[in-house]
Amino acid sequence: MTPNLRPIIDDIANRADDFLAGARDRPQARAGIEEVITMDYPSLNPPDRSVVVTGVMSVLEDENFFGTEFVGDPFSEPDESADD
């Protein structure tokens with residue numbers, strides 16, 4: 001039976017400003033979230049860890065944690081130009 005992960009997601013998302021200070025891009029945020037899970041919730045299995053990371057990232061996106069610098073194609077390379 002899969003545990004209810006919502007309390008864990010909410011806990012980590014609520015603390016994101018503290019442990020993600022200075023990490024304002026998605027890869028750094030994911031790494032920070034993984035680190036918090038490892039320290040605070042070491043018994044989570046890999047599938048549940050993935051659900052928590054995705055859930056926290058979703059909360060952060062909804063709260064515009066990453067700002068507006070990512071308007072446009074989030075999968076394009078930073079040096080790609082739309083004029084090409």
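Here are the numbers for the structure shown:
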| quantity | calculated |
| --- | --- |
| Verdict on Pro27 being modelled with pLDDT under 95 and surrounded by fewer than 11 Cβ atoms within 10 Å (Cβ to Cβ) | yes |
| Residue in the range 1-16 that is modelled with pLDDT under 90, out of contact with any Phe, Trp or Tyr (no Cβ under 9 Å at 6 or more places or on another chain) and of a type outside the set (S, T, N, Q) present | yes |
| Any hit, the range 33-49, residues being crowded, with 18+ Cβ neighbours inside 10 Å and within 14 Å of Phe65 (Cα to Cα) | yes |
| Selection from the range 22-53 of residues that are assigned to a helix (DSSP H, G or I), in contact with a helix residue (DSSP H, G or I) (Cβ under 9 Å, 6 or more places away or on another chain), closer than 13 Å to Ile9 by Cβ and not hydrophobic (A, V, I, L, M, F, W, C) | Asp40, Asp48, Arg49 |
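The values are calculated or read from the model by the stated rules, or taken from the named source; none is laboratory data. What you are looking at is a predicted structure, and each value in this text was computed from that prediction instead of being measured. Glycine gets a Cβ as well: all are built from the backbone with ideal geometry, and neighbour counts include every protein chain shown.
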